[in-house]
Amino acid sequence: MRVSGVIVVLLVILANLAVWAGLNRPKTALPWQDQIKGLAYDRKDPTPEQVDADLAVMADRADAVRTYNSTDGMQVVPVLAAKYGMNVMAGAWIDGRRDHNKDEVAGVIREARDNSNVKRILVGNEALLRGDVTPDELMSYIRQVRTQVKLPVSTAEPWHVWLTYPELGKEVDFIAIHILPYWEGIPEDQALQYVMDRYQQVKDAFPTKPVVLTEVGWPSEGRIRRDAVPSLANQGVFLRDFMNAANTRGLDYYVMEAIDQPWKRNIEGSVGGYWGIWDASRNLKFPLEGPVLSVRDWPKLAAAASLLALLPMLWFVWRWRDLKQAGQFFFTGLIQISASTLIWVLYNGSQQYLTTGTLLMWSFLLPLLTLLLIMLLAEGIEVAEVVWSRRFNRRFLPFVGDLTRPLPKVSLHLPTYNEPPQMVKQTLDALARLDYADFEVLVIDNNTKDPALWRPVAEYCEQLGPRFRFFHVDNMKGFKAGALNFALVHTAPDAEVIGVIDSDYVVTPDWLKSLTPYFDRPEVGFVQAPQDHRDWQGNAFKEMINWEYAGFFNIGMVQRNEADAIVQHGTMTLIRKAALERVGNWAEWCICEDAELGLRLFEGGYQSVYVNKRFGYGLTPDSFAGYKGQRFRWVYGAAQIMKRHWREMLPGRGRKLTPAQRYHFVAGWMPWFADAVGVVFSLASVAWTIGVLAMPRYFDFPLTLFLVPTLGVFAVKVLQFLWLYKARVDCTLRQRLGAGIAGLALTFTVGKAMLVGLCTSKIPFFRTPKCENQPALVQAVAMALEECLLAVLLWLAGVSIWNVYGADDPEARLWTIVMLAQSLPYIAAVATATINVVGGMKVAKPVSAVTLQPAPGGD
């Protein structure tokens, strides 16, 4: 390993530590060394032993405790608090249940009479704010208690409710107010002043009554509310500064609250469980003296992230020693970012109080995030190799010049099915012009019912001479693979190389003589040249998809060739006949027989050759529906291959593929998995949004730490696409953007094909939409109907969330943005279909008008 590589790793680790330190700078606050005046305390159905344990914790820090109800186990608080010398502000919970209210009032009266440490009473907590009772009903309960006890009595409401109902002040002995700046969306650095201003505002409104802050606090976790950010540091700074200011001004207060109550998530959302000074395990959450940190253990987390990334980074700089230093920095940085993200997510999850809803969310989103990070690294390797490689170690060029020795006989197989005769004749004419001494052409027409389609081709083969043989077979099984296996049976015995060409391809005369010399090496199993197209100029839709295809052959195939892991595709391919027969011929169970054969040839120990020069030009699909159908077949076939060959993709000894080959096949399939997850995520997003809108008590917005990476990876994919195209595909910016839109438009098709492929073993029938006589927009929507529906659902969900929550909730706005971003592939599909129908259909040029030039961007 070069010293420079080690230096790169060390610099990346130092940068990682610096970022962790920068994001966790300590906050300063006044130290707190006194007793807290009072703590709000609530617990759901506690036992006396649980209450006693809680009070023992609180008594070391606080003088008094406030309760909210006098039933359901909380009635023991005054008796147990007396053990620790704590005073009590006893509460009665008032809501819309009259019988319940009667019991609560009787209970709080009993507590006041039986316990001398009960110093004040609260009848109701935010009952007016919730609308559970009217002001008159609440004042009636207050009078009932005041007539039976000799203690100060009031009710607790937010500060603005007291200003709205000033008549309430006449019925109470003191004004009990809640001031919680978080719920008002006030930033932490303005929260203290906000509390003091609101306190003074209420004090001025009721000058003759004592004012008690019965709830004041800040949450340590949860959703952002406008400018209010819940965090441990913000909680610690606010409460320490507030308690010092309250002491200075002589305010009477109760901090909200003593101990975290996870069950309150179902009432107040995620933030509801994190108001305590102590966590649910009764650990003090922030120091009362010294600096305050949002993440106390950040040095350990930063070190863990560095250690997690260390071995992969060292392996990378050792394995990719030919990579320029910029590429090493780029990819080691991605490794470190991914490791830090994963550590942070796991840490954050360990700090959450998990409920059924959050467990469901984490179980869905954590695997998604892991997949996104793996995808990010796989795409990062592709960028690094393509952009920063010093040289290509397996760059193969066409053989040129005169070859004096004889070259192997080639049997070219051309399967057809329901093809236009004139198009097939163009292909045959080009084959007849091949500058090669010894070859034959076998045309296999399988299952074409109309003789008007296949008879002209058969007659034309007779005209071309004995090199050309035509076969028509009815009821042939096995798709294209069945036709190719049939051709093998009728191949000339002395043929050593099998060539496959699609029926729409026009080849250059030098195709065979440029490639067959590579078979001199006995380890070569197949030689592959790129696909290209000849009918896209002047047609916006076909231009888009032409350049989308070009990216795979100029980027993906070039990169995979370095690891001898290319994907064999069933045209412009030459195969050693002996190797083909040795591995078992074409697989008739698979609809992507070409890619499956290439994988079996690798498993059989053969090597491949990829010559990135165009020797043949076919036709692009005429419609967006055809484009989708072709990609669906490719992806469905890949799913079939995965299910058949998955064991070979596992690491370990005894595998037939090299580690690099396994990596490239898995990495090549991974984006299709991601598209499948994306489809599921889109549907889940709509369903989750309905839950947030209809049942907000049970559905909260997904955590920001999941949403930001989702948007980030989407942005990285777009940038990666544009970056790689600029480096390896010689096309204009407009053409790059068009290719990107075309590729994005296939997201749903790819995802759906992968899901169907994983769940079925036989390809289902999909009807091509027939709306040619309808307006262009109707045709476009018909070809992209499912995508259009998903886009509409996501937009409706996003707009609904924005209207209901967007004004006050940054996380709601982020969720809206995520849903709109998810809709982009579906909008791209509708846009691509619209371009297709508006631009019209364009037939292929006649062969005499085709200029057979290599497409730009080849090696």
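The values are calculated or read from the model by the stated rules, or taken from the named source; none is laboratory data. Here the structure is a predicted model, which means the values were calculated and not measured. For neighbour counting, all protein chains shown are included, and Cβ atoms are generated from backbone atoms with ideal geometry for every residue, glycine included. Quick note on the areas: whole protein, heavy atoms, side chains included, nothing else; ligands and nucleic acids left out. Shrake-Rupley method; radii C 1.70, N 1.55, O 1.52, S 1.80 Å.
For H160 and N393 in one chain, what is 0.36 nm times their gap in residues minus the Cα-Cα distance, to one decimal in nm?
76.5 nm
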**Fill in**
Each label sits 7 Å from Cα toward the beta-carbon; between V3 and A687 the label points are separated, in nm, by 5.9
**Complete:** Rounded to one decimal in nm, the spacing of the 7 Å Cα→Cβ label points at S281 and T71 is 3.6
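By the gyration tensor of its Cα atoms, with a ≥ b ≥ c the square roots of the eigenvalues, what is the shape of region 191-348: rounded for a/c under 1.5, prolate for a/b over b/c, or oblate?
Working: a/c = 3.29, a/b = 2.95, b/c = 1.11.
Taking the square roots of the gyration eigenvalues as a ≥ b ≥ c, region 191-348 is prolate.
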**Virtual spin-label span in nm between T208 and V666, 7 Å along Cα→Cβ** = 8.0
**Request:** Could you pull out every one of the lysines with an alpha carbon less than 18 Å from that of K513, ignoring same-chain neighbours closer than 8 positions?
**Result:** K409, K577, K613
**Asked** Any idea what log10 I(q)/I(0) is at q = 0.16, 0.17 Å⁻¹ for region 602-740, Debye with uniform C-alpha scatterers and no solvent?
**Response** -1.26, -1.32
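Keeping the other protein chains in place, figure out the carbon and sulfur percent of the accessible area of region 623-676, with a 1.4 Å probe. Each step should come with its number before you reach the end.
Numbers: 1460 of 2470 Å².
After summing per-atom areas, the C and S share lands at 59 percent.
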**Prompt:** Using the Cβ atoms and a cut-off under 11 Å, what net charge is assigned to the surroundings of L323, where Lys and Arg are +1 and Asp and Glu are -1?
**Reply:** +4
**Label-zone membership for region 412-430, site Q463, 7 angstrom Cα→C-beta point, backbone N under 19 Å** = 419-430
**Message:** Accessible area of region 80-127 with a 1.4 Å probe: how many percent of it is carbon plus sulfur?
**Reply:** 43
**Fill in**
Between D189 and S363, Cβ-based FRET efficiency (R0 35 Å, step 0.05) works out to 0.40
**Qualifying lysines (Cα of each under 24 Å from Cα of K717; at least 8 residues distant if same chain)** = K324, K542, K628, K726, K752
**Prompt:** Which whole-number percentage describes the relative contact order of region 1-76, with Cα contacts under 8 Å and a sequence gap of 6 or more?
**Reply:** 34
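If I stretch the segment between E167 and T356 completely, what's the gain in nm (0.36 nm per residue apart, minus their alpha carbon distance), one decimal?
On the way: separation 189, 0.36 × 189 = 68.04 nm, distance 4.35 nm.
Separation in residues times 0.36 nm, less the Cα-Cα distance, equals 63.7 nm.
If you rank H100, H490 by how much accessible surface each has, with a 1.4 Å probe, what is the order from largest down? The partial results should precede the final answer.
Values: H100 35, H490 65 Å².
My answer, sorted largest first, is H490, H100.
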**Prompt:** Contour minus end-to-end for R582 and A106, with contour as 0.36 nm per residue of separation and end-to-end as the Cα-Cα distance?
**Reply:** 162.3 nm
**Complete:** Rg/Rh of region 516-616 (Cα atoms, Kirkwood Rh), to two decimals, equals 1.01
**Message:** Given the chain, report the % of alpha carbon pairs whose separation exceeds 52 Å.
**Reply:** 36
**Prompt:** How large is the dipole of region 360-442 about the Cα centre if only Lys and Arg carry +1 and Asp and Glu carry -1, each at its Cβ, rounded to the nearest 20 debye?
**Reply:** 300
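Can you tell me, using C-alpha contacts under 8 Å and at least 6 residues apart, the relative contact order of the chain as a whole percent? Working shown, then result.
Details: 1491 pairs, mean separation 91.0, N = 859.
Once normalised by length, the contact order is 11 percent.
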**Request:** Would you mind putting 42-52, 629-639 in packing order, based on average other-beta-carbon counts within 10 Å, highest first?
**Result:** 629-639, 42-52
**Fill in**
Heads up, region 291-438 by the C-alpha gyration tensor (a ≥ b ≥ c square roots of eigenvalues; a/c under 1.5 rounded, else a/b over b/c prolate, else oblate) looks oblate
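At 1.4 Å probe radius, can you tell me the per residue accessible area of the chain in Å²?
About 42 Å² of surface per residue is accessible.
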**Message:** Could you derive backbone 3J(HN,Hα) for region 682-689 from the dihedral phi with the Karplus parameters 6.51, -1.76 and 1.60 (θ = phi - 60°), listing whole Hz in sequence and x where the residue is Gly or Pro?
**Reply:** 4, 5, 5, 4, 5, 4, 5, 5
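For R644 and Q537, what does the FRET efficiency come to when R0 = 45 Å and r is the distance between their Cβ atoms, rounded to the nearest 0.05? Before the final figure, lay out each step's value.
Working: r = 40 Å, r/R0 = 0.89.
The computed FRET efficiency comes out at 0.65.
Give the peptides 379-389, 616-626, 579-589 in descending order of average Cβ contacts within 10 Å, highest first. It would help to have the intermediate numbers written out before the result.
Working: 379-389: 19.8, 616-626: 21.4, 579-589: 18.2.
Result, highest mean first: 616-626, 379-389, 579-589.
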**Prompt:** Over the Cα atoms of region 325-394, what Rg and Dmax result, in angstrom?
**Reply:** 16.5, 54
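Using 1/(1 + (r/R0)^6) with R0 = 45 angstrom and r between the beta carbons of V79 and D197, what's the FRET efficiency to the nearest 0.05?
Working: r = 39 Å, r/R0 = 0.87.
Rounded to the nearest 0.05, the efficiency is 0.70.
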**Request:** Mind jotting down a quarter of the surface of the convex hull over the alpha carbons of region 209-250, in square nanometres, one decimal?
**Result:** 3.8
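In whole percent, and with a 1.4 Å probe on the protein chains, what portion of the accessible area of region 308-414 is carbon and sulfur? Spell out each step's value before the answer.
Working: 3380 of 5160 Å².
Within region 308-414, the accessible surface is 65 percent carbon and sulfur.
Accessible area, 1.4 Å probe, largest first: how do W344, W278 sort?
Values: W344 85, W278 10 Å².
Most to least solvent-accessible, the answer reads W344, W278.
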**Prompt:** Which net charge results when you count Lys and Arg as +1 and Asp and Glu as -1 among the other residues whose beta-carbon is under 13 Å from that of G482?
**Reply:** -2
